[in-house]
Amino acid sequence: MQIICFEDADVDRLRPSTRARPAHAITSDSVSFRLIDWLKRIPGKLSGHVRPYLQEIQKLDYGALVNARLAPTVGLDTPLLSLFKSASSSVVIDPECQAVRLAFISASDLAKLPVGQSQDVLDHAATLPQTPLKLDISRWTQDVIEHHMKQMPSAVNWHPNHEEYTEKIAVVDVRRNVQIGDYQVVDASEGPILLDKKVQVGPFCYLSGPVFLGTVLIRAVLFRAVLFRAGTRVIDHAALKDGVSLGRTVKIVGEVEASIIEPYTNKQHHSSRSQFSGSPLSG
């Protein structure tokens, strides 16, 4: 089966987060899940239809049509795979703007369509019988943050069910090569605390779950719902709380709240103007 993840005319509403990346590559979920990560779990050949200037950036392995603005909620691959196993063609339409959110076109119907004409395929998909399937979608940039906050608990719980974790200290589960300093204060009453590979946690840290830490050196005070990925550095005296997701190779300082920081973003210098960052999508 072929799966095409496509950008529609409303993708520009998600700027600036989509200026330099396809919509399917936005980190829209609390634990750095992207839509493309869930689509790769579905058997089949995956391709994308994106804006022309992003075609060289996009490296995907092109059936099914998936709107690139779909929120990458935990377990998204399950309802999609169920639809794709159907014997008949069907479509999920956005009731607000009538855009195609998701469509499955059977092999017999697909053979009747012009080869390589993606717009013709989309036009045909809009006329298919509609099927009721609840799928979250980002209409504006602020929706990305909203989905991130709503998905944080289930996203953090996904990892210990699909990856190997062991308890290093009370209520703190870790993967290999993790170092934890002395005098930790941890609270997992509202969610798990997970430390990914090669995490280093300095002394006197406060971790309040749900928390997911990737490969990062931490000397900061940490608060509820925080995620760090490979190569990230949290500068001394940072305060990260209420749902923070940091991509790889990020440098961060100050107070950050309810935020998604994409890879290679730099906010590392102390100044009066850089001490607080609330609910942004940066990078």
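The set of residues in region 166-189 that are within 30 Å of residue 136 (Cα to Cα) and either surrounded by 12 or more Cβ atoms within 10 Å (Cβ to Cβ) or of a type in the set (A, V, I, L, M, F, W, C) (or both) contains only 188.
Filtering region 215-261 to residues that are among the charged types (D, E, K, R) and either at pLDDT 60 or above or in a strand (DSSP E or B) (or both) leaves 233, 236, 241, 242, 248, 251, 255, 257. Only one entry in 72, 132 is assigned to a loop (DSSP other than H, G, I, E, B) and touching a Leu at 6+ places or on another chain (Cβ under 6 Å), namely 72. In the set (1) surrounded by fewer than 19 Cβ atoms within 10 Å (Cβ to Cβ); (2) modelled with pLDDT of 85 or more, residue 69 fails one condition alone, (1). Pairs linking a residue in region 77-89 that is in the same structural domain as residue 126 (by TED's automatic domain parsing) and at pLDDT below 85 to a residue that is surrounded by fewer than 16 Cβ atoms within 10 Å (Cβ to Cβ) and of a type in the set (Gly, Ala, Ser), with Cβ atoms under 9 Å and 6 or more positions apart or on different chains, are 84/44; 86/106; 87/106. Residues of region 161-194 that are closer than 21 Å to residue 150 by Cα and part of a strand (DSSP E or B): 187, 193, 194.
The values are calculated or read from the model by the stated rules, or taken from the named source; none is laboratory data. From a predicted model like this one, the values you see are computed outputs, not experimental measurements. Counting neighbours? That spans all protein chains shown, and the Cβs are built from the backbone with ideal geometry, glycine included.
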